[in-house]
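First the structure, in the form of structure tokens, and then the observations on it.
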Amino acid sequence: GAYRTYIAPAGVADIVGMFSWGGVGEASIQQGDSSLCRMRQNDVKMSPCFTLSEDFTSGMVPRFNYNGELAPEKLDLILSGSLHNTLVSSRTAKEYGVKSNFAGEHEAMRSPVLAPGDLNEDDVVQSLDTGIYLSNLHYLNWSDRPGGRITGMTRYACFWVENGEVIAPIENMRFDDSIYNFFGENLEAVTDKTHLIPTVETYEGRELGGVSCPGILLKSFELTL
């Protein structure tokens, strides 16, 4: 069913990470298998509260890619709900006749930042009122990438909230919803503080950096089990 939901920064970071996999890469959009094709082709917009950038100003990750090319210090990808830029590697630029912004080979975000909003972080439970508080998510995947639908599981520290009070923890639940819903018309508010959620992957070596993001309050979020 659909529930009023708050997703804490750690959970939001996992969702933002999905934009690197068939999302903000220009090659994926050109090939028609990106979750953001609707934004490019049909001028579909997300919420004005949603701004996603590639931002190296923290110094957590080097701006240069494996080819030694220097990316812009900050690049707005989705600005106030509108697709503003994509990540373009030199290879994609040559193949499709577009300008490179020196993204990495896979056109994944290396230093993503989701802009904060104006919801006081201390007031999220009261603002949620009655619904679900999700601290952590895992096992995320696209269930319908062209439609922007993501599925995954709730993890630990997730609670049922009633009348502004935490009542009890919930069992693990599966969610399946579209970025065009929860980052679109169902995005009610974004918290006023961002948190750096470190990248902890160790495939082929220790990853650098992390995702800087706030929490999000949703009018509705689809949980299927």
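Bear in mind that the values in this text are calculations on the coordinates, not laboratory data. Remember, predicted model here, so these are calculated numbers, not experimental data. Every residue, glycine among them, receives a Cβ derived from its backbone with ideal geometry; neighbour counts consider all protein chains shown.
Packing-wise, with mean Cβ within 10 Å as the measure, how do 168-175, 98-105 rank, highest first?
Working: 168-175: 13.4, 98-105: 16.6.
Result, highest mean first: 98-105, 168-175.
A simple charge model with +1 on the Cβ of Lys and Arg, -1 on the Cβ of Asp and Glu and nothing else charged puts the dipole of region 27-100 at about 140 debye relative to its Cα centre. Points 7 angstrom from Cα along the Cβ direction at ASN67 and TYR156: gap in nanometres? In this crude label model, ASN67 to TYR156 measures out at 4.2 nm. Summing charges over all other residues whose Cβ lies under 11 Å from the Cβ of GLU185, with Lys and Arg as +1 and Asp and Glu as -1, gives +1. Projecting the Cα atoms of THR130, THR5, ILE78 onto the dipole axis of the chain, where Lys and Arg carry +1 and Asp and Glu carry -1 at the beta carbon, places ILE78 farthest toward the positive end.
If the only charges are +1 at each Lys and Arg Cβ and -1 at each Asp and Glu Cβ, what is the size of the charge dipole of the chain around the Cα centre, to the nearest 20 debye? Mind showing how you got there, number by number?
Details: 17 positive and 30 negative charges, 122 e Å.
Once rounded to the nearest 20, the dipole reads 580 debye.
Would you mind calculating the gained length between VAL98 and GLN31 on full extension (0.36 nm times residue separation, minus the Cα-Cα distance), in nm to one decimal?
Numbers: separation 67, 0.36 × 67 = 24.12 nm, distance 1.39 nm.
Here the segment from VAL98 to GLN31 would lengthen by 22.7 nm.
Pairs spanning more than 21 Å between alpha-carbon atoms, out of LYS45/LYS193; LYS74/LYS193; LYS74/LYS219: LYS45/LYS193; LYS74/LYS219.
Each other residue within a Cβ distance under 10 Å of THR130 adds +1 if Lys or Arg and -1 if Asp or Glu, for a net charge of -2.
Here the gap between MET173 and GLU201, fully extended at 0.36 nm per residue and compared with their Cα-Cα distance, gives a gain of 7.7 nm.
Entry note, the chain: the mean residue ellipticity at 222 nm calculated from DSSP H runs of n ≥ 4, each adding -39500 (n - 2.57), is -3000 deg cm²/dmol after division by the residues and rounding to the nearest 500.
In percent, how large is the relative contact order of the chain, given Cα pairs closer than 8 Å and 6 or more residues apart?
Details: 551 pairs, mean separation 63.5, N = 225.
So the answer I get is 28 percent.
Between the beta carbons of THR224 and ASN163, assuming R0 = 30 Å, the FRET efficiency works out to 0.70 to the nearest 0.05.
Toward the positive end of the charge dipole of the chain, with +1 on the Cβ of Lys and Arg and -1 on the Cβ of Asp and Glu, the farthest Cα among ILE216, VAL166, VAL16 is that of VAL16.
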